[in-house]
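Accompanying notes for the structure given below.
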Amino acid sequence: MLLLSLVMMVWACGQTSRSTSSGQDDEIEKILSGLSLEEKVGQMTNLTLTTIASDDNPDRAIVLDSAKMHDVFIKYHVGSLQNVMSGAYGFEQWRTLIQSLQDYTLQKTRHKIPFLYAIDAVHGANYLLGGTQFPHNLGLAATRNVRLVESAAKITAAETRASGIRYNFSPVLDVGRNQQWSRLGETFGEDTYMVREFGKASIRGYEGDSQVNTAHVAACMKHYIGYSVPENGKDRAPAYIPEIVLREYFLPQFQDAVNMGARTLMVNSGEVNGVPVHASKFLLTDVLRGELGFEGMVITDWQDILKMHERHLVASSHKEAVYLAVEAGIDMCIVPFDFRFTEDLIELVQEGRISESRIDASVRRILTLKKQVGLFENPNVELDLATYFANPEYKEVALQAARESLVLLKNEEGTLPLSRNQKVLLTGPTANTVTALHGAWSYTWQGYKEALYPDEIKTIKDALPAAQYVPSIEFHEKEEKVFDLNQVLRAARNSDVIVLCLGEISYAETPGNIPDLAFPENQKELIAKLSQTGKPIVVVLLEGRPRIIREIEPMMDGLVAGFWPGSQGAQAVADVLYGDFNPSGKLPITYPRYSGTLSTYDHKRLDEAAEIDDPYKYYYEFKPQYEFGHGLSYTSFEYGQVNVNADTITSDLKVSISITNTGDRAGQEVVSLYTRDHYASITPSVRRLRRFVKIDLKPGETREIDFTLTKADVSFVNQQLKTVFEEGHFDIMIGPGLKTVYWK
C-alpha cells in the first residue's frame, strides 16, 4: 500500500481548481466569432491518422503525406485526429508526430487553432511501446481496490500526456450485464454501484483537478447509453431496454461522471428500443444536457453517423444521417476516413435546415475542451513531462493490480499453493503467449499480433521456469496449432501436478462476436484426456468473458480466473500459484453455468421461480457456476455479527462488523455490504451491492469496519420514472451475517 501512496502523491502538487462556471469564455468567443462556417465544421470533424500518413515500411516509420495534410488541415480545416495505423509507436515517434502536426496547424492554417489528438488508452498506455499496461477493467473490478484503479488511471494519463496526447477515450461506464458481449472485458462488471465507484476513480486519475500544465488528460465517459446489453449478445446490436431499467441501472454512473466534471462523452454505437442513440434527441439533449446537466463535448463512435444510413436504416442518405445526429446533440464526428460529414453539414447549414448557432454551440464546447487540456496556453509537446514515461514504479503498480485481479475460484484439498518441490507440467493454449494476457486494445486494436509486443513481456511459461513446458495447443495470432497429445500425456504421468492454461484468442468489438459461450471443444478434449492421468489439475483461465466450463469444472482441482491481466499478468499468475501472493480477487460478474441462463446477481425473485405440477408446488433456484463476489484465499476470515445503530431507522443507517483473519498467513479481504428490500412498489432485486472495502489483515488480526447508508442508497426508480425511497423492512447482509431493520 506504501507504493500506491507514493504514486498517488506524484500528481498531488501544482494542481489548480477546475472551473464549474457555465458562463461564456471571452477568449473562446473571440476565436469563435472569427471563424468561417467551413472552419467551424472542420473543428467538428475527427479523422484517423491514415488519412494523412502511412507506416507501411520496414521500420514502421510514420511518413506524413503533404498533399493529404493540406486537404485535411487547410482545405477542410479538420481540428482533431486519432488512432494508430499498423500498431503502437515508440515514445519519441509519438512526440515527433504530434509536434509535427501541431507545427503544421499553427503555421499554415488561417485560424491557428491547435489541433487535438485522441487515443484509446483503455488499460494503460496500450498504444505506446514501453508504456504501462494494466488489467482490463473487468480484472480491475475484481481487485475491488478503488485506490489501485485510480493509480492505474493516473499512470495512464501521465504516460499518454507525456507522449503528446491529451485526450483519452476512456473509461468505459457500460454495465456488463450480458456475459456473451465481446466487450465485457472492458467493463467494470455487472453491478451499477461498482461501475459508479470505479468509473469515478478512473476519472479522478485521468483528469485530476485540471489538465492545464499537468500530467493529466481529458477523459471520455462511454458508451452512452445501453450499449452493453444487446439482445443477441453481439457487439453493436440492438438493445431493448425499458426506460425504468435504463434509469435504474445505466444512467447513474453517467450522472456521477457529469457531477465530477468529466470533459467528454462518447455515444453508444448501437440502438435502444429501435432508435440509434446517435439519432436520439431525447437521450442526447433532453436527458444528457437537460437532466444530467452535461456541458462538455459529445463525440460519436467510429463511423456511426454513416451507419445510421447504411446499417440502422433510419436515414435515406448520409446527409440525412448528419442532420439527425447533429440535431440530436452530436458535437464531433469520428468520420474517420473522408470529408462527407464536413461537406454535408456545411450544406445543411447553407440550406437553413441546421442553424449556425447550433454549430456554434458544438464548436464552443470543442474549443473549451482544447483550452481545458492546455492547448491554447502551450500547444507544443511538453518536453518536461518525459520523466513521467516508463517509471520503474509503474510496473510495480501494474504487477500489484494484476495480482489482485486474479480470482481463486476453486481449490480442492489445498492443491494450491504449489510447492517448489513439486514436478509441474505446464501446458495449454494460453501458457506461451502474451496476447491472451493482454486481450483487446494491446499494441493493435485486436491485440493478437504477437510480433508487436516487447520481448521483455513474460508469458506464463517464462514466469514458471521450473515447470516443464510441453505444448499441446498454441495460439498463433488468430490460428491454433495442435501438437501431439501423446507427448503431453507422457509428461503428465511423470508430473506431480498439471498447470493447464486455457482461454480465448485475443479479440475486440465485433470481431469478437460468438454465437454462444460454449467452451472451445479442443480445449475441453485436452483437459478430459489429462484428467484420465489422475494427476491434480490447476487451470488458469485467460478470457474476456466467462466461457461455459460446466462439463470440465469437476476435472479441475484448482481454478484461477485471470481475465486479461496485462503485461505483468504472467508474473502475477506465478506469484499466486506458488503462494508468493495470497489471492484476493472477487468475481465482478456472475459466472454462468449454461449459455441459455445468463442472469446477474441482482436479478428479481421471479427469475429464480420454478413450478412443478402433480402435486402443484413451486420453489426458487439460482445456480450459476460461480456467484458474483466469489473468490477464495489461502487464509480464512471470520465475520462477527452485523450491528446497526437502531432497529428502526429514520435517517442514516450506520452498520458495523468485525472481521478476523483466522488463518496462518496475511491476506486481503473484500468486505461487501448488500441490502434486500422486503417489499416495494417495483419488484425488488434479491440483493443489491451498496458498499465494499478491501482490507489487509495479519494472522489473528481483527478489524472493525463501519459503513453508512442513506435513503438515497436504497432508493429506486418507480413506475412514474422518479427515484423514490419507500419505507419498509430491509435486510442488511455482510458475509454470512444478516440484520433486518425498519427504515422509514
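Here are Leu47, Leu81, Leu4: which of them is modelled with pLDDT under 95 and under 28 Å from the mean Cα position of the chain (by Cα)?
Answer to the check: Leu4.
Looking only at region 712-725, count every residue that is part of a helix (DSSP H, G or I) and open to solvent by 70 Å² or more (accessible area, probe 1.4 Å) and tell me the total. Talk me through it step by step, then tell me what you get.
First pass over region 712-725, keeping only residues part of a helix (DSSP H, G or I): 712-714.
With open to solvent by 70 Å² or more (accessible area, probe 1.4 Å) added as a condition, the list becomes 712.
Selection size over region 712-725: 1.
May I ask you to list the residues in region 122-173 that are free of Cβ contacts under 8 Å to residues at least 60 places away in the same chain and assigned to a loop (DSSP other than H, G, I, E, B)?
Those that are free of Cβ contacts under 8 Å to residues at least 60 places away in the same chain and assigned to a loop (DSSP other than H, G, I, E, B): Ala125, Ser170, Pro171.
Scan region 553-569 and give yes if some residue there is over 25 Å from Cys501 (Cβ atoms), touching a residue at least 40 places away in the same chain (Cβ under 8 Å) and open to solvent by 10 Å² or more (accessible area, probe 1.4 Å), otherwise no.
No, region 553-569 contains no residue that is over 25 Å from Cys501 (Cβ atoms), touching a residue at least 40 places away in the same chain (Cβ under 8 Å) and open to solvent by 10 Å² or more (accessible area, probe 1.4 Å).
Mind listing whichever residues of region 688-711 are assigned to a strand (DSSP E or B) and either among the small types (Gly, Ala, Ser) or open to solvent by 40 Å² or more (accessible area, probe 1.4 Å) (or both)? First the steps, then the outcome.
Narrowing region 688-711 to residues assigned to a strand (DSSP E or B): 688-697, 702-709.
Passing the criteria: Arg691, Val693, Asp696, Thr702, Arg703, Glu704, Asp706, Thr708.
Can you tell me how many residues in region 690-716 are hydrophobic (A, V, I, L, M, F, W, C) and more than 20 Å from Glu197 (Cα to Cα)?
Adding up the residues that qualify gives 1.
Filter region 24-35 down to residues that are at pLDDT 95 or above and either of a type in the set (Val, Ile, Thr) or over 23 Å from Leu101 (Cβ atoms) (or both) and give me whichever is least open to solvent (accessible area, probe 1.4 Å).
Ile28
Confirm whether Leu246 is farther than 17 Å from His312 by Cα and open to solvent by 10 Å² or more (accessible area, probe 1.4 Å).
Yes, satisfied.
Among the strands (runs of 3 or more DSSP E) confined wholly to region 593-659, which include 3 or more residues that are under 22 Å from Arg676 (Cα atoms) and open to solvent by 60 Å² or more (accessible area, probe 1.4 Å)?
Values: elements: 609-612, 617-620, 637-639.
Counting at least 3 such residues, we get 617-620.
Taking the condition of being open to solvent by 10 Å² or more (accessible area, probe 1.4 Å) and either free of Cβ contacts under 8 Å to residues at least 24 places away in the same chain or under 13 Å from the mean Cα position of the chain (by Cα) (or both), how many residues in region 194-204 meet it?
Within region 194-204, residues that are open to solvent by 10 Å² or more (accessible area, probe 1.4 Å) and either free of Cβ contacts under 8 Å to residues at least 24 places away in the same chain or under 13 Å from the mean Cα position of the chain (by Cα) (or both) number 3.
For region 453-467, how many residues are surrounded by 20 or more Cβ atoms within 10 Å (Cβ to Cβ) and farther than 17 Å from Leu542 by Cβ?
Final tally of qualifying residues: 0.
Just to be sure I understand the filter: pairs with C-beta atoms under 9 Å, separated by 6 or more residues or on different chains, first member in region 402-430 and in contact (Cβ under 8 Å) with a residue 24 or more places away in the chain and closer than 23 Å to Ile505 by Cα, second member hydroxyl-bearing (Ser, Thr, Tyr) and part of a strand (DSSP E or B). Which pairs pass?
Val407/Tyr626; Leu409/Tyr591; Leu409/Tyr626; Leu425/Tyr469; Leu426/Tyr469; Thr427/Tyr469
Name the single residue, out of those in region 36-64 being of a type in the set (Ser, Thr, Tyr) and within 20 Å of Asp301 (Cα to Cα), that is most open to solvent (accessible area, probe 1.4 Å).
Out of the qualifying residues, it is Thr50.
Among the β-branched types (Val, Ile, Thr) and either in contact with an Asp or Glu (Cβ under 6 Å, 6 or more places away or on another chain) or under 30 Å from Ser228 (Cβ atoms) (or both): which single residue out of Ile514, Ile498 fits that description?
Values: Ile498 fails: either in contact with an Asp or Glu (Cβ under 6 Å, 6 or more places away or on another chain) or under 30 Å from Ser228 (Cβ atoms) (or both).
That would be Ile514, the only listed residue that is among the β-branched types (Val, Ile, Thr) and either in contact with an Asp or Glu (Cβ under 6 Å, 6 or more places away or on another chain) or under 30 Å from Ser228 (Cβ atoms) (or both).
Among residues belonging to region 358-390 that are more than 30 Å from His77 (Cβ to Cβ) and touching an Asp or Glu at 6+ places or on another chain (Cβ under 9 Å), point out the one that is surrounded by the most Cβ atoms within 10 Å (Cβ to Cβ).
First pass over region 358-390, keeping only residues more than 30 Å from His77 (Cβ to Cβ): 384, 386-390.
Adding the requirement that they be touching an Asp or Glu at 6+ places or on another chain (Cβ under 9 Å) leaves 388-390.
Details: Tyr388: 21, Phe389: 23, Ala390: 17.
The qualifying residue surrounded by the most Cβ atoms within 10 Å (Cβ to Cβ) is Phe389.
Any residue at all in region 218-229 that's over 20 Å from the mean Cα position of the chain (by Cα) and surrounded by fewer than 24 Cβ atoms within 10 Å (Cβ to Cβ)?
No, there is no match, as no residue in region 218-229 is over 20 Å from the mean Cα position of the chain (by Cα) and surrounded by fewer than 24 Cβ atoms within 10 Å (Cβ to Cβ).
The rows are residues; the columns are (1) outside any loop (DSSP other than H, G, I, E, B); (2) under 30 Å from Arg687 (Cβ atoms); (3) modelled with pLDDT under 95; (4) touching a helix residue (DSSP H, G or I) at 6+ places or on another chain (Cβ under 9 Å).
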position	(1), (2), (3), (4)
Ile527	yes, no, no, yes
Thr533	no, no, no, yes
Gln571	yes, no, no, yes
Asp575	yes, no, no, yes
Gly579	no, no, no, no
Asn582	no, yes, no, yes
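So, in region 179-193, of the ones that are out of contact with any helix residue (DSSP H, G or I) (no Cβ under 6 Å at 6 or more places or on another chain) and buried (at least 22 other Cβ atoms within 10 Å of the Cβ), which residue ends up farthest from Glu231 (Cα to Cα)? Quick ask: steps written out before the conclusion?
Filtering region 179-193 for residues out of contact with any helix residue (DSSP H, G or I) (no Cβ under 6 Å at 6 or more places or on another chain) gives 179-181, 183-184, 190-191, 193.
The next check asks that each one be buried (at least 22 other Cβ atoms within 10 Å of the Cβ); those that pass are 179, 181, 183-184, 190-191.
Values: Gln179: 11, Trp181: 10, Arg183: 14, Leu184: 14, Glu190: 16, Asp191: 18 Å.
Per the criteria, the residue is Asp191.
Consider Leu606 carefully, then state whether it is more than 20 Å from Asn137 (Cα to Cα) and not polar (S, T, N, Q). Write out each step before concluding.
Numbers: more than 20 Å from Asn137 (Cα to Cα): yes; not polar (S, T, N, Q): yes.
Here the answer is yes, as Leu606 does meet what is asked.
Identify the residue in region 661-675 that is open to solvent by 30 Å² or more (accessible area, probe 1.4 Å) and not aliphatic (A, V, I, L, M) and, among all such residues, is nearest to the chain's Cα centre (by Cα). Break it down stepwise before answering.
Within region 661-675, the first condition is being open to solvent by 30 Å² or more (accessible area, probe 1.4 Å), and the residues that meet it are 662, 664-666.
In the following step, the residues that additionally are not aliphatic (A, V, I, L, M) were identified as 662, 664-665.
On the way: Thr662: 35, Asp664: 35, Arg665: 32 Å.
Looking at residues that are open to solvent by 30 Å² or more (accessible area, probe 1.4 Å) and not aliphatic (A, V, I, L, M), I get Arg665.
Asp209 - would you say it is surrounded by fewer than 20 Cβ atoms within 10 Å (Cβ to Cβ) and assigned to a loop (DSSP other than H, G, I, E, B)? It would help to see each step written out before you state the result.
Values: surrounded by fewer than 20 Cβ atoms within 10 Å (Cβ to Cβ): yes; assigned to a loop (DSSP other than H, G, I, E, B): yes.
Criteria met by Asp209.
Going by what's in this entry, would Glu396 be described as touching a residue at least 24 places away in the same chain (Cβ under 8 Å), within 25 Å of the chain's Cα centre (by Cα), over 20 Å from Thr285 (Cα atoms) and surrounded by fewer than 19 Cβ atoms within 10 Å (Cβ to Cβ)? I'd like the intermediate steps shown before the answer.
Numbers: touching a residue at least 24 places away in the same chain (Cβ under 8 Å): yes; within 25 Å of the chain's Cα centre (by Cα): yes; over 20 Å from Thr285 (Cα atoms): yes; surrounded by fewer than 19 Cβ atoms within 10 Å (Cβ to Cβ): yes.
Considered against the rule, which asks whether it is touching a residue at least 24 places away in the same chain (Cβ under 8 Å), within 25 Å of the chain's Cα centre (by Cα), over 20 Å from Thr285 (Cα atoms) and surrounded by fewer than 19 Cβ atoms within 10 Å (Cβ to Cβ), Glu396 comes out as yes.
If Pro238 satisfies every condition in (1) in contact with a Lys or Arg (Cβ under 6 Å, 6 or more places away or on another chain); (2) surrounded by fewer than 21 Cβ atoms within 10 Å (Cβ to Cβ) but one, which is the exception?
With respect to (1) in contact with a Lys or Arg (Cβ under 6 Å, 6 or more places away or on another chain); (2) surrounded by fewer than 21 Cβ atoms within 10 Å (Cβ to Cβ), Pro238 is out only on (1).
So which pairs qualify, if the first residue must be in region 693-713 and among the basic types (Lys, Arg), the second must be assigned to a strand (DSSP E or B), the Cβ gap must be under 6 Å, and the two must be at least 6 apart or on different chains?
Pairs found: Lys694/Gln668; Lys694/Val670; Arg703/Ile659; Arg703/Ile695.
Could you please find all residues in region 468-521 being assigned to a strand (DSSP E or B), closer than 16 Å to Gly428 by Cα and open to solvent by 40 Å² or more (accessible area, probe 1.4 Å)?
Those that are assigned to a strand (DSSP E or B), closer than 16 Å to Gly428 by Cα and open to solvent by 40 Å² or more (accessible area, probe 1.4 Å): Gln468, Tyr469, His476, Glu479, Glu480, Lys481, Val482.
Would you tally the residues in region 730-744 being open to solvent by 60 Å² or more (accessible area, probe 1.4 Å), under 21 Å from Tyr193 (Cα atoms) and either touching a His at 6+ places or on another chain (Cβ under 8 Å) or without any contact (Cβ under 8 Å) to a residue 60 or more places away in the chain (or both)?
So the count comes out to 0.
Whether any residue in region 540-551 is free of Cβ contacts under 8 Å to residues at least 60 places away in the same chain, open to solvent by 20 Å² or more (accessible area, probe 1.4 Å) and farther than 19 Å from Phe483 by Cβ is what I want to check.
Checking region 540-551: at least one residue is free of Cβ contacts under 8 Å to residues at least 60 places away in the same chain, open to solvent by 20 Å² or more (accessible area, probe 1.4 Å) and farther than 19 Å from Phe483 by Cβ.
The values are calculated or read from the model by the stated rules, or taken from the named source; none is laboratory data. From a predicted model like this one, the values you see are computed outputs, not experimental measurements. Cβ sites come from the backbone with ideal geometry, for glycine too, and all protein chains shown count toward neighbours. Just the protein is used for accessible areas: all its heavy atoms, side chains included, with ligands, DNA and RNA removed. Shrake-Rupley method; radii C 1.70, N 1.55, O 1.52, S 1.80 Å.
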